[in-house]
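Student: Have a look at the structure that comes next, please.
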Amino acid sequence: MTSNPITVSIVRTVDPARIAQATAWMQTGINLATTYPGFLGSGWVRAGTESTTWHMLYRFADDAALLHWEQSPERAWWLESGRGFAHEHTTERRTGIEGWFDEPTEVTVEYAGPAAATVPPRWKQAVTIWLGFFPLNLAFTYLVTLLVPGWDALPILVRVLLTTLCLTPVMTYVLLPGVTRMLRRWLTPTR
């Protein structure tokens with residue numbers, strides 16, 4: 001189990017004749033989740049006032065806290081109580097670097113919380129990361145070999161450790177945001 005926060009995104013279709021009931025049901029689910037240890041936040045949005053597709057997000061501090069909520073009798077009761085008018089379609093769990101690729105969408109917010117976002121395919125994420133990492137790693141390796149005497153004599157474990165310690169912050173705070181901005185149109189999934 002990891003100790004990173006986990007965000008769960010669920011897409012549901014709601015019976016248009018039971019919008020008021022579905023609204024109360026969604027809020028009840030959020031209220032129940034807030035009582036669980038490790039709960040970091042939740043919310044839900046609709047694509048528009050007439051939309052029957054609803055997106056719900058909730059976030060827990062780690063896998064253990066999320067599992068505690070997801071296996072709880074309160075959550076099971078809540079899901080069962082909505083079975084007649086809310087149907088789950090997709091569920092995504094998000095951790096780590098995926099957040100770089102989230103793009104805000106225009107939505108009508110029914111509850112103040114994080115907005116659901118679409119994520120490009122993993123192969124596009126991998127290409128984007130590689131486009132930033134390869135030139136950075138190549139330049140770093142070339143420069144450190146020229147400027148640090150005995151670099152090649154260091155054990156590979158030490159070289160990789162030092163390289164990743166130096167390059168991870170540069171990738172995270174400089175290159176990856178820049179590369180994703182440049183590739184935003186390509187990264188945005190077509191709907």
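Student: Within region 3-30, whose backbone N sits under 11 Å from a point 7 Å along Cα→Cβ of Thr53?
Tutor: Label zone hits: 11-13.
Student: Run the simple label-point estimate for Tyr142 and Glu74 please: 7 Å along Cα→C-beta, distance reported in nm.
Tutor: 5.8 nm
Student: Please work out the FRET efficiency for the pair Thr168 and Arg122, using the Cβ-Cβ distance as r and a Förster radius of 22 Å; give the result to the nearest 0.05.
Tutor: 0.65
Student: Report the extension gain between Leu67 and Ile19 in nm, rounded to one decimal, defined as 0.36 nm multiplied by the number of residues separating them, less their alpha carbon distance.
Tutor: Length difference between fully extended and current span is 14.4 nm.
Read-outs: derived from the displayed coordinates by stated rules, not from any lab. This one's a predicted model, so the numbers in the text were calculated from it and none came from an experiment. Note: ideal-geometry Cβ built from the backbone for every residue, glycine included; neighbour counts use all protein chains shown.
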